[in-house]
1. In this structure, does residue 85 turn out to be farther than 30 Å from residue 183 by Cα and among the polar types (S, T, N, Q)?
2. Against the condition surrounded by 13 or more Cβ atoms within 10 Å (Cβ to Cβ) and more than 30 Å from residue 196 (Cβ to Cβ), how does residue 99 come out, does it pass?
3. May I ask you to verify whether residue 115 is exposed (fewer than 10 other Cβ atoms within 10 Å of the Cβ), farther than 20 Å from residue 179 by Cβ and of a type in the set (Val, Ile, Thr)?
4. What about residue 125, is it under 19 Å from residue 103 (Cβ atoms) and either among the aliphatic types (A, V, I, L, M) or over 42 Å from the mean Cα position of the chain (by Cα) (or both)?
5. Could you pull out the residue among 108, 68, 54, 90 that is touching a Leu at 6+ places or on another chain (Cβ under 8 Å) and surrounded by 10 or more Cβ atoms within 10 Å (Cβ to Cβ)?
6. Does residue 93 satisfy the condition of being over 46 Å from the mean Cα position of the chain (by Cα), of a type in the set (Lys, Arg) and not in a strand (DSSP E or B)?
Amino acid sequence: MQESHNQKPIDEQNLSETEETLTTQHADVSTENTENVEHEQEVASSLEQRLEQAEAKATEYQDAWLRAKAETENMRKRAQADITNAHKYAIDKFATELLAVMDSLDAALAVENCTVESLKDGVTLTRKQLVTIFEKFNVHSIDPQGEKFDPHQHEAMCEVESDLPAKTVAQVMQKGYRLNDRVIRPAMVAVSKTKST
């Protein structure tokens with residue numbers, strides 16, 4: 001029985017040591033948990049700040065994008081309006097110049113005692129006005145008499161036997177016109193062919 005008596009104090013001593021160890025470990029765990037919680041709070045706070053910054057940047061970029069999109073749309077609309085106006089009023093200056101020709105024709109028609117000679121002089125002066133306007137706007141006549149036939153500038157109405165070389169313009173039925181380098185009306189011509197024997 002003595003042995004059991006000796007064991008009891010050892011158990012109390014072990015128990016006491018175990019309690020101390022547990023208390024120390026619990027304190028260490030509590031300190032560690034507190035440190036972990038503080039660290040997690042710091043990380044969470046840092047992440048929240050970064051998220052707020054990212055959201056602010058995203059809002060800023062979206063605003064900039066919307067402004068750029070609106071500006072691009074406005075530029076597109078202005079360009080479309082400019083194109084429409086250019087088409088609509090492209091001949092504005094040309095038409096203004098032609099008004100002088102119309103005024104000359106109206107004045108000629110208003111004359112009551114008109115002779116053939118005065119009418120011819122008036123038509124000649126009016127034609128001269130028109131030629132000057134055409135030159136100002138780079139409208140040039142195509143009068144290919146005696147030239148080699150060019151299907152890009154001439155429209156063959158018929159072929160005629162002629163002493164001229166084959167495929168030469170023998171007669172101009174109606175002059176053509178060119179605006180700068182573009183044919184706006186081809187010359188209507190009769191083209192020569194070799195005489196049949």
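The values are calculated or read from the model by the stated rules, or taken from the named source; none is laboratory data. Remember, predicted model here, so these are calculated numbers, not experimental data. Cβ sites come from the backbone with ideal geometry, for glycine too, and all protein chains shown count toward neighbours.
1. Against the criterion (farther than 30 Å from residue 183 by Cα and among the polar types (S, T, N, Q)), residue 85 does not qualify.
2. no
3. For residue 115, the condition - exposed (fewer than 10 other Cβ atoms within 10 Å of the Cβ), farther than 20 Å from residue 179 by Cβ and of a type in the set (Val, Ile, Thr) - is met.
4. Against the criterion (under 19 Å from residue 103 (Cβ atoms) and either among the aliphatic types (A, V, I, L, M) or over 42 Å from the mean Cα position of the chain (by Cα) (or both)), residue 125 qualifies.
5. 108
6. Judged against the criteria, residue 93 is not a match.
Residue-by-condition table, conditions (1) surrounded by 10 or more Cβ atoms within 10 Å (Cβ to Cβ); (2) modelled with pLDDT of 90 or more; (3) assigned to a helix (DSSP H, G or I); (4) not basic (Lys, Arg):
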{"residue": "5", "(1), (2), (3), (4)": "no, no, yes, yes"}
{"residue": "13", "(1), (2), (3), (4)": "yes, no, yes, yes"}
{"residue": "19", "(1), (2), (3), (4)": "yes, no, yes, yes"}
{"residue": "43", "(1), (2), (3), (4)": "yes, no, yes, yes"}
{"residue": "59", "(1), (2), (3), (4)": "yes, yes, yes, yes"}
{"residue": "74", "(1), (2), (3), (4)": "yes, yes, yes, yes"}
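Per-residue answers, yes or no, for (1) of a type in the set (A, V, I, L, M, F, W, C); (2) on the phi > 0 side of the Ramachandran plot:
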site	(1), (2)
99	yes, no
118	no, no
122	no, no
136	no, no
142	yes, no
146	no, yes
150	no, no
159	no, no
